[in-house]
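The values are calculated or read from the model by the stated rules, or taken from the named source; none is laboratory data. Please read these numbers as outputs of a predicted model, since none were measured by experiment. Glycine gets a Cβ as well: all are built from the backbone with ideal geometry, and neighbour counts include every protein chain shown.
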Amino acid sequence: MGTDSGAITLFSFEGKSGNFAMVQVQCEKFGKTGVRRVVPGQYVTAEPKGRAIMVAAVEKQKLVYVMNRDNAGRTTISSPLEAHKSSTITFDVKAVDVGFDNPVFAALELSYAEADAEGTKEAAENATKQLTYYEVRAGAK
């Protein structure tokens, strides 16, 4: 679950009692509270096999968390892997179903670096959205 708290929280569904109850498994803080354009949390997507989660901000910052299991079989979240891109606005992120290959996330982005450097209206009008793929390599830290 992602909120404007500056943290991602992992919950486990407890259905043994027959009642709907979520139990907090882990909470990983990554930024300041509140809705900010450079603090991840605006976009959250999970890889279909449950191996990784991407949390992205509207501008620049993207974090990827790899999901693991401890010795007791409980799900844990890794330290974040950074996938930041300067001078970039993110419109959306989605997980790509790649079977059992390395997890892949797709982001619809617009780079405003050239428009910023030139400072002209024409450069800003010519900026185009791009589809960018982010692959999480197994064993990467």
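Quick notes
- Tally, over segment 101-141, of residues that are within 25 Å of the chain's Cα centre (by Cα), part of a loop (DSSP other than H, G, I, E, B) and not small (G, A, S): 8
- Taken over segment 1-32, the criterion of being within 11 Å of I77 (Cβ to Cβ) and either modelled with pLDDT under 65 or not in a strand (DSSP E or B) (or both) is satisfied by F30 alone.
- The set of residues from segment 46-65 being more than 17 Å from A7 (Cβ to Cβ), assigned to a strand (DSSP E or B) and not acidic (D, E) comprises just one member, A52.
- Residues satisfying the criterion are absent from segment 56-70 (criterion: free of Cβ contacts under 8 Å to residues at least 24 places away in the same chain, surrounded by 11 or more Cβ atoms within 10 Å (Cβ to Cβ) and farther than 25 Å from Q26 by Cβ).
- Selection status of A113, closer than 19 Å to I8 by Cα, touching a residue at least 24 places away in the same chain (Cβ under 8 Å) and hydrophobic (A, V, I, L, M, F, W, C): no
- The residues of segment 80-100 that are in a loop (DSSP other than H, G, I, E, B) and farther than 18 Å from R137 by Cβ, listed by number, are S86, S87.
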